[in-house]
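A short worksheet on the structure shown next.
The values are calculated or read from the model by the stated rules, or taken from the named source; none is laboratory data. What you are looking at is a predicted structure, and each value in this text was computed from that prediction instead of being measured. Backbone-built Cβ (ideal geometry, glycine too); neighbour counts: all protein chains shown. We work out accessible area using only protein heavy atoms, side chains counted, and drop any ligands, DNA or RNA first. Shrake-Rupley method; radii C 1.70, N 1.55, O 1.52, S 1.80 Å.
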Amino acid sequence: MFFDYADSGAWTEGTYKANEADFAAIKLRQRVLVDMTNRSLQSTMIGETVSMPVALAPTGLTGMQHADGEILAAQAAEAFGVPFTLSTMSICSIEDVAAHTTKPFWFQLYVMKDRTFVASLISRAKAAGCSALVLTLDLQILGQRHKDIRNGLSAPPKFTPKHVWQVATRPFWAWEMTQTKRHSFGNIVGHAKGVGDLSSLSSWTAEQFDPRLSWSDVAWIKEQWGGKLILKGIMDPEDARRAADTGADAIIVSNHGGRQLDGAPSSISVLPEIVQAVGDSIEVHLDGGIRSGQDVMKALCLGAKGTYIGRPFLYGLGAYGKRGVTMALDIIRKELDITMALCGKRDIREAGPDLLHHRLPVVEAEPARPSQ
Ligand code: GLV
């Protein structure tokens, strides 16, 4: 059920699929006979140096994909030199991840009705030394994901025969889970008023997330936080301009991995119009559909300064723990490096629209006319 949670989108999963398919339709321009030595993937995201412009996205329930998942992923990201973003709905708490890492990570915030609790989450992130706050704008109500309903998703898992079977057939996962005490929402349980036992992300969202979240709340959060702020979930040029007006440091063009508004366009398809709308007034990042270094390259060519991966690192984490996250990052790094070289560039910061192939798909030739 945790794999399904990561591997699903809302309703028909049309947007989830489009996120990937639209990347595949973009073609790169092959160049030859250019010097390919001394290549560099190093860049910056919100002023922080990154070994490649690929951050780990905030993903809920990461500590259920593998025991202590958030700590392991944060450690892998730190060693790799890319940002790790901890979700509000993580299993390991902010303090716990901070205690097991040495460099600042980013914290993703969901806004609840209880503003005292929101303020306390912000101060906890500050106290833990987080270097950016990623405010999610597109999940004040939860998109419906059929697989989660079918699976009766909860953390820790329930003990119906179906769930017992799922656990019994994953002995390694189950064994690791018995070796950790981290089984519930670490940032919430024991911190939010009246929440002693929280098992379901969907019921917590329905009760606690504030559906009135507005632009004035963004100003309030910016003031409370006082540091680098990233606004996540922008899919429209008008919203992008408003986001830039808030004085935030970056926006993430994102449809939440196709998990919220099914029927929304893919993130990559709206990136160009958003980049055009905001110009240089705010840094633009992108998530959704990035499965390879080639996808990273395409997003950078279309104007993103940075990208995020969610599912790719979760697959690695679920399979091999920390080593799996490093493997996922390594695969992407290699693909990005080779792609950049074959496009004739040596520095990833030079990625731009000139590296894309714009010719229209080949149209079938007309059948030859019968000779007379
Ligand atoms: C949470 O962010 C989710 O998409 O489930």
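At the residue level, LYS126 shows approximately 100 square angstrom of accessible surface with a 1.4 angstrom probe and all protein chains present. Among beta bridges identified by DSSP and lying wholly in the chain, the antiparallel ones come to about 20 percent.
Helix 69-80 and the longest principal axis of the C-alpha atoms of the chain enclose an angle of approximately 40°.
Each Lys or Arg adds one and each Asp or Glu takes one away; over the other residues whose Cβ falls under 10 Å from the Cβ of PRO83, this sums to -1. Placing unit charges on each Cβ (+1 for Lys and Arg, -1 for Asp and Glu) gives the chain a dipole about its Cα centre, and among LEU41, THR101, GLY247 the Cα reaching farthest toward its positive end belongs to THR101.
Under 5 Å between amide hydrogens, built in the peptide plane, is the criterion, and for VAL54 it picks out THR307 among residues at least 5 positions away or on other chains.
Straight-distance candidates among the lysines for linking to LYS305, with alpha-carbon spacing under 18 Å and chain neighbours fewer than 8 residues away dropped: LYS228, LYS232, LYS345. For LEU28, the residues 5 or more places off, or on other chains, whose built amide H falls under 5 Å of its own are HIS357. Here LYS147 is the anchor, and the aspartates and glutamates within straight C-alpha reach of less than 19 Å, apart from those fewer than 8 places off in the same chain, are ASP4, ASP7, GLU13, ASP262. Heavy atoms of the protein chains alone define the surface here; on that basis the chain has 46 Å² accessible area per residue at 1.4 Å probe size. In a shell of Cβ-Cβ distance under 12 Å around PRO272, excluding PRO272 itself, what net charge do Lys and Arg (+1) and Asp and Glu (-1) give? Cβ neighbours under 12 Å give a net charge of -1. Restricting the calculation to alpha carbons of the chain gives Rg and Dmax of 21.3, 88 angstrom. Looking at the range 219-325, the pairs of alpha carbons with a distance over 17 Å make up 55% of the total. Which residue fluctuates the most in the chain, going by a Gaussian network model with Cα springs under 10 Å, if the choices are VAL164, VAL284, VAL111? Ranking VAL164, VAL284, VAL111 by mean-square fluctuation puts VAL164 first. Phi angles across the range 118-133 convert, under the Karplus curve 6.51 cos²θ - 1.76 cosθ + 1.60 with θ = phi - 60°, into 3J(HN,Hα) values of 4, 4, 6, 4, 4, 5, 5, 5, 5, 4, 7, x, 4, 9, 8, 10 Hz, Gly and Pro given as x.
Taking Cα atoms only, the orientation of helix 311-342 departs from the longest principal axis of the chain by about 20 degrees. Across the range 45-60, computed HN-Hα scalar couplings (Karplus, 6.51 cos²θ - 1.76 cosθ + 1.60, θ = phi - 60°) run 10, 6, x, 8, 5, 10, 6, 7, x, 9, 9, 7, 6, x, 10, x Hz from first to last residue, x flagging Gly and Pro.
Other residues with beta-carbon under 9 Å from the beta-carbon of LYS232 carry, at +1 per Lys or Arg and -1 per Asp or Glu, a net charge of -2. Where only DSSP H runs of four or more residues are counted, the chain gives -12500 deg cm²/dmol as its mean residue ellipticity at 222 nm, each run worth -39500 (n - 2.57). For helix 267-278, what angle does its Cα long axis make with the longest principal axis of the chain, in degrees from 0 to 90 and rounded to 10? That works out to roughly 80 degrees.
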